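To start, the structure itself, in structure tokens.
The values are calculated or read from the model by the stated rules, or taken from the named source; none is laboratory data. Since the structure is predicted, the reported quantities are computational estimates derived from the model, not experimental observations. Ideal geometry is used to build each Cβ from the backbone, glycine not excepted, and the neighbour counts take in all protein chains shown.
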Amino acid sequence: MSATLAHITPVRGVNDEGKGKKHALHCLVNATDAEVLWLHDNDIERPRASDEEALAALGDADMLILPLRMRTMRNTLIERLQVIEYTALQALTIRQAKRGKPILCSGANLIVRREVWIEAEPYLHPDIPSGDDMFLLEYCKRTGRKIGVCDAEKMTAVITAQPTLPDLLRQRMRWAGKAPHYTDSDIRRFGAMVTIAIVLQLFCPPLVLLYLPWEYGLIRGKGFAPLEVLLLALVYPYYALIALIGGLLHPTRW
């Protein structure tokens with residue numbers, strides 16, 4: 001007999017009872033008896049795959065990292081730069097997961113066995129408004145759970161770029177606010193490398209030329225002009241530092 005699957009979508013003002021995303025997830029997970037949970041964000045375009053295809057992709061894994069693709073609404077420069085950044089981040093997410101050293105995942109598109117979620121819930125930091133996905137990843141790595149990855153187009157969800165710079169910074173500050181709580185060595189090592197690269201580039205901007213070929217290699221063939229990638233690389237340290245400091249000092253709420 002095949003496992004049962006439930007789609008879990010937290011919605012602000014609908015199933016959060018004013019207590020935040022993690023409370024909404026708690027309520028939704030405890031309201032179902034399905035053996036497998038497919039987590040979604042409310043504002044995404046869901047993958048085209050059927051439940052049967054999703055369960056087949058999960059196989060015997062306890063958690064399945066799935067791909068995301070970002071789209072623009074007006075194709076503005078700020079949106080284009082976000083798409084470039086997110087495409088590179090997704091390529092890195094899938095690559096590291098396939099190598100058996102996952103460092104990133106997103107609750108906007110993620111499959112996990114319900115029993116694993118329930119076990120992990122006390123360790124998902126209910127005091128932090130974001131990060132249920134990454135803390136779940138850490139728990140699964142720490143407890144030796146099997147983590148799979150699937151990059152099939154049918155399993156890809158589509159998210160939308162933030163329309164303005166303030167919206168982007170608020171989102172990134174929310175993400176950055178959880179960073180000090182990570183304990184996984186792979187995740188912390190990656191975060192330290194990115195932070196060091198940002199600081200070095202701030203003091204010596206030409207250093208961007210050293211890692212630009214590697215970054216461009218992540219997204220080669222995706223339709224981005226080299227000049228766009230260079231522009232993102234030049235401005236990235238400034239907005240990343242603002243998001244990091246802002247997230248640590250004033251983490252935003254969901």
Legend entry - Subset of segment 204-237 that is among the small types (Gly, Ala, Ser) and assigned to a loop (DSSP other than H, G, I, E, B) - its residue that is surrounded by the fewest Cβ atoms within 10 Å (Cβ to Cβ): Gly221
Legend entry - Residues within segment 127-149 that are assigned to a loop (DSSP other than H, G, I, E, B) and either of a type in the set (D, E, K, R) or farther than 18 Å from Ile8 by Cβ (or both), tallied: 6
Legend entry - Unique match (being modelled with pLDDT of 95 or more and on the phi > 0 side of the Ramachandran plot) among Gly59, Gly131: Gly59
Legend entry - Of all residues in segment 58-69 being crowded, with 19+ Cβ neighbours inside 10 Å and closer than 27 Å to Ile219 by Cα, the one that is farthest from the chain's Cα centre (by Cα): Leu58
Inset, instruction - Check Gly100 against each of (1) in contact (Cβ under 8 Å) with a residue 12 or more places away in the chain; (2) closer than 19 Å to Leu136 by Cα and name the one condition it does not meet. - result: (1)
Legend entry - Failed item in (1) under 30 Å from Trp38 (Cβ atoms); (2) of a type outside the set (A, V, I, L, M); (3) in contact with an Asp or Glu (Cβ under 8 Å, 6 or more places away or on another chain), with Tyr236 passing the rest: (1)
Inset, instruction - Look at segment 36-56 and say how many of its residues are buried (at least 19 other Cβ atoms within 10 Å of the Cβ) and part of a helix (DSSP H, G or I). - result: 2
